[in-house]
Amino acid sequence: MKRYGRAYIKYNDIFTTLKKGRIFVKLILVQAYQQLEVDEASAELQTIIAHKGVFKAKRLQFSIVSVPGIFQRFLDSLLANLNDVVSYFKDVLTVADSQHELLEVLRRVFDRLRDAGIWLNRENASL
């Protein structure tokens, strides 16, 4: 597991994207970090010894300092080249000028998330 340091806040990207439209949707990922599987060496580094035995995590865990940076880079890469979309940790923000345009943007986002095996929290999405 590489140490990436702190994830940086991309305020300029967020504000530039949000200025483009009138309709906004915020999508929230379910257990964001824990959706990403890790390799065997990283799983060993995340091993926890508890009173019930040894637990080797096969997915990213929240308590590791480099995880936000790792996950932010993953989302940035996954959603690259979508001009009306910006990610911020476990949130994906979309913007559009019309309902038709919004549906197109959301379809592209949903396709990429589905292809990557990433799940959304349906109850917490907001328009």
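When the residues of segment 98-127 are filtered to those that are among the hydrophobic types (A, V, I, L, M, F, W, C) and in a helix (DSSP H, G or I), the one that is surrounded by the fewest Cβ atoms within 10 Å (Cβ to Cβ) is Leu103. Go through the residues of segment 67-85 one by one and say whether even a single one is charged (D, E, K, R), at pLDDT 85 or above, more than 22 Å from Lys10 (Cα to Cα) and more than 12 Å from the chain's Cα centre (by Cα). Checking segment 67-85: not a single residue is charged (D, E, K, R), at pLDDT 85 or above, more than 22 Å from Lys10 (Cα to Cα) and more than 12 Å from the chain's Cα centre (by Cα). Quick check on Lys20: is it outside any loop (DSSP other than H, G, I, E, B) and touching a residue at least 60 places away in the same chain (Cβ under 8 Å)? Considered against the rule, which asks whether it is outside any loop (DSSP other than H, G, I, E, B) and touching a residue at least 60 places away in the same chain (Cβ under 8 Å), Lys20 comes out as no.
Within segment 1-23, being at pLDDT 75 or above and surrounded by fewer than 10 Cβ atoms within 10 Å (Cβ to Cβ) holds for Tyr11, Asn12, Lys19.
Applying a threshold of 6 Å to beta carbon distances and a minimum spacing of six or more residues, or different chains, the list of pairs starting in segment 57-71 at a residue that is surrounded by fewer than 16 Cβ atoms within 10 Å (Cβ to Cβ) and ending at one that is among the hydroxyl-bearing types (Ser, Thr, Tyr) reads Phe62/Tyr33; Ser66/Tyr4.
Count of segment 91-127 residues, restricted to those that are under 22 Å from Val38 (Cα atoms) and in contact with a helix residue (DSSP H, G or I) (Cβ under 8 Å, 6 or more places away or on another chain), is 7. Number of residues in segment 54-70 that are closer than 23 Å to Asn121 by Cα and part of a loop (DSSP other than H, G, I, E, B): the value is 7. Restricting attention to segment 36-53, the residues that are touching a residue at least 12 places away in the same chain (Cβ under 8 Å) and either in a helix (DSSP H, G or I) or on the phi > 0 side of the Ramachandran plot (or both) add up to 5.
Exactly one residue out of Ser77, Ser87 is out of contact with any strand residue (DSSP E or B) (no Cβ under 6 Å at 6 or more places or on another chain), outside any loop (DSSP other than H, G, I, E, B), within 14 Å of Ile28 (Cβ to Cβ) and not hydrophobic (A, V, I, L, M, F, W, C): that is Ser87.
Looking at the structure I just gave you, is Lys26 within 17 Å of the chain's Cα centre (by Cα), at pLDDT 85 or above and basic (Lys, Arg)? Here the answer is yes, as Lys26 does meet what is asked.
The values are calculated or read from the model by the stated rules, or taken from the named source; none is laboratory data. Here the structure is a predicted model, which means the values were calculated and not measured. So basically every Cβ, Gly included, is an ideal-geometry build from the backbone, and we count neighbours across all protein chains shown.
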